[in-house]
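To keep things clear, I will list the structure first and then write my remarks on it.
Please treat every number below as a calculation from the coordinates, not as lab data. It should be emphasised that the depicted structure is a prediction, and the values quoted were computed from it without experimental measurement. Glycine also receives a Cβ, built like all others from the backbone with ideal geometry; neighbour counts cover every protein chain displayed.
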Amino acid sequence: MPKIRIAVLASGRGSNLQSIIEESQAGRLDAEIVLVASNKADAGALERAGEAGIATCAIDHRQFKNREDFDREMVAALREARVDLVILAGFMRLLSNVFIEAFPHRIMNIHPSLLPAFPGLDVQRKALEYGARFSGCTVHFVDGGLDTGPIIIQAVVPIHEDDNEESLSARILEQEHRIYPRAIQLFAEDRLRIEGRRVRILNPDRPEDRALINPPLS
Ligand code: GRF
């Protein structure tokens, strides 16, 4: 199967990028990262990409008078790299329609909560403060809303009595690193079909049907 060409957009440390690089290098992903782009020149993600020999580009959003102009510049870079799929991994910019319409159904995001619970920012803290017993992470296609697009894959993690924001974030992040490469591989295998709000997976693996209960019953 020919590999799809992906770009990863990140504003921060880039641990999700790293997991995708490692899966790709291990030959477990039918995807080649052709570009890592950031709105921050000092993002750790750009450094990780450089170390892996991946092309990078930094476009400072502050140089543009509005969101659309920044997005046009980003889209031009992605088009030039002939990208099939755009992967947002801690990219701290909202996308305008200019961006979304340039890559219809071809932009994914990862979010550190079980959507639709807790969209937005600081969501690990919000899940703790709410008193939720479970949280997790979600990979979804990006639409015009804030963390609202069709859901591809989710992982659930328990929230422990003695958790703080840091410990919960770490538990969720571990699962992020597992599910994002999986979502990309499903796309690469052309097994995702968006039907309204739902993403249908062709030839799905048998789902886990064990219930999770926290605190446990015994
Ligand atoms: C992750 O928690 C991701 O879910 C959120 O931003 C964070 C990015 O982390 N969207 P990293 O830069 O991939 O380490």
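Summing +1 for each Lys or Arg and -1 for each Asp or Glu, what net charge is found among the other residues whose Cβ lies under 13 Å from the Cβ of residue 128? Charge balance in the 13 Å sphere: -3.
Distance between the modelled labels on residue 162 and residue 52, one decimal in nanometres: 3.5 nm (7 Å Cα→Cβ projection).
The dipole here belongs to the chain: it is taken about the Cα centre, uses +1 on the Cβ of Lys and Arg and -1 on the Cβ of Asp and Glu, and is about 520 debye.
Computed from the Kirkwood radius of its Cα pairs, the Stokes-Einstein diffusion coefficient for the stretch 109-204 at 10 °C and 1.306 mPa s stands at 115 µm²/s. Normalised by residue count, the stretch 97-158 yields a Cα convex hull volume of 65 Å³ per residue.
Other residues within the sphere of radius under 10 Å centred on the Cβ of residue 100, judged by their own Cβ, net out at -2 (K and R +1, D and E -1). Principal-axis analysis of the Cα atoms of the chain puts helix 165-188 at an angle of about 60° to the longest axis. Counting Lys and Arg as +1 and Asp and Glu as -1 over every other residue whose Cβ lies under 14 Å from the Cβ of residue 65, the net charge comes to -2. Taking the square roots of five times each eigenvalue of the Cα gyration tensor of the chain, the equivalent ellipsoid has semi-axes of 28, 20, 17 Å, listed largest first. Look at the alpha carbon pairs under 8 Å that are at least 6 residues apart: their mean separation over the length of the chain gives a relative contact order of 18 percent. With R₀ set to 22 Å, the beta-carbon distance separating residue 69 from residue 92 gives a calculated FRET efficiency near 0.80.
The long axis of helix 15-25 is offset from the longest Cα principal axis of the chain by roughly 70 degrees.
Computed from the Kirkwood radius of its Cα pairs, the Stokes-Einstein diffusion coefficient for the stretch 1-118 at 25 °C and 0.890 mPa s stands at 169 µm²/s. Straight-line reach from residue 126: taking Cα to Cα under 28 Å and skipping same-chain neighbours fewer than 8 places apart, the lysines in range are 40.
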